[in-house]
1. What number of residues within region 99-124 satisfy the criterion of being touching a residue at least 24 places away in the same chain (Cβ under 8 Å) and either assigned to a strand (DSSP E or B) or open to solvent by 50 Å² or more (accessible area, probe 1.4 Å) (or both)?
2. For the list (1) in contact (Cβ under 8 Å) with a residue 40 or more places away in the chain; (2) surrounded by fewer than 18 Cβ atoms within 10 Å (Cβ to Cβ), I need the number of the one condition that residue 38 fails.
3. Has region 68-78 got at least one residue that is loosely packed, with under 13 Cβ neighbours inside 10 Å and on the phi > 0 side of the Ramachandran plot?
4. Against the condition of a type outside the set (Ser, Thr, Tyr), out of contact with any strand residue (DSSP E or B) (no Cβ under 7 Å at 6 or more places or on another chain) and in a strand (DSSP E or B), how does residue 76 come out, does it pass?
5. Can you tell me which residue within region 41-53, out of those that are part of a loop (DSSP other than H, G, I, E, B) and open to solvent by 20 Å² or more (accessible area, probe 1.4 Å), is nearest to residue 111 (Cα to Cα)?
6. Of all the residues that make up region 54-67, how many are open to solvent by less than 40 Å² (accessible area, probe 1.4 Å) and either modelled with pLDDT of 95 or more or out of contact with any strand residue (DSSP E or B) (no Cβ under 6 Å at 6 or more places or on another chain) (or both)?
Amino acid sequence: GVPSAPPEGASAPGRLAEEEVRRWLDDYARAWSRKDVGTLQRMGQVRSTTEAERLERYFHSIDDLHVDVRVIALRVEGGQAVVDFERTDTVTDPAGQRRQLRLPPFHKEIERTPGGLRFRGGEG
């Protein structure tokens, strides 16, 4: 059987709350929209200098970026969470053309670290 959830607000230290993970994913979407490579590195999205440089080049090649994250499934297990989400990027290229790119759903593990939440390593 499924253990019953603790009452609202009774989150043990180090335990993740679903609300916290959702807020963090909103921050993640905003970091993309701001083209904020530093934040994406801290969040574990960007793991190497090469990835960071590739992202910087991509950000320079487009004008405007708006990223929307839609959570499909979210499961919290103690100090970590497993999330499936869709990302839709609305991009305006230098010619002023707006394009919407819906990315295939992501399946990610999120863990709490001393520096805040971040995606666990291992993918990509």
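The values are calculated or read from the model by the stated rules, or taken from the named source; none is laboratory data. Note that the coordinates shown come from a computational prediction; the quantities given were computed from them, not determined experimentally. Cβ coordinates were reconstructed from backbone atoms using ideal geometry, including for glycine residues, and neighbour counts include every protein chain displayed. Please note that ligands, DNA and RNA were not included when accessible areas were found on the heavy atoms of the full protein model with its side chains. Shrake-Rupley method; radii C 1.70, N 1.55, O 1.52, S 1.80 Å.
1. The qualifying residues number 14.
2. Of (1) in contact (Cβ under 8 Å) with a residue 40 or more places away in the chain; (2) surrounded by fewer than 18 Cβ atoms within 10 Å (Cβ to Cβ), only one is false for residue 38: (1).
3. For region 68-78, residues loosely packed, with under 13 Cβ neighbours inside 10 Å and on the phi > 0 side of the Ramachandran plot: present.
4. Yes; evaluated as a whole, the condition is true for this residue.
5. 45
6. Final tally of qualifying residues: 4.
A quick yes/no check of all residues on (1) in contact with a Gly (Cβ under 7 Å, 6 or more places away or on another chain); (2) at pLDDT below 95; (3) aromatic (Phe, Trp, Tyr):
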{"site": "25", "(1), (2), (3)": "no, no, no"}
{"site": "34", "(1), (2), (3)": "no, no, no"}
{"site": "52", "(1), (2), (3)": "no, no, no"}
{"site": "79", "(1), (2), (3)": "yes, yes, no"}
{"site": "86", "(1), (2), (3)": "no, no, no"}
{"site": "114", "(1), (2), (3)": "no, yes, no"}
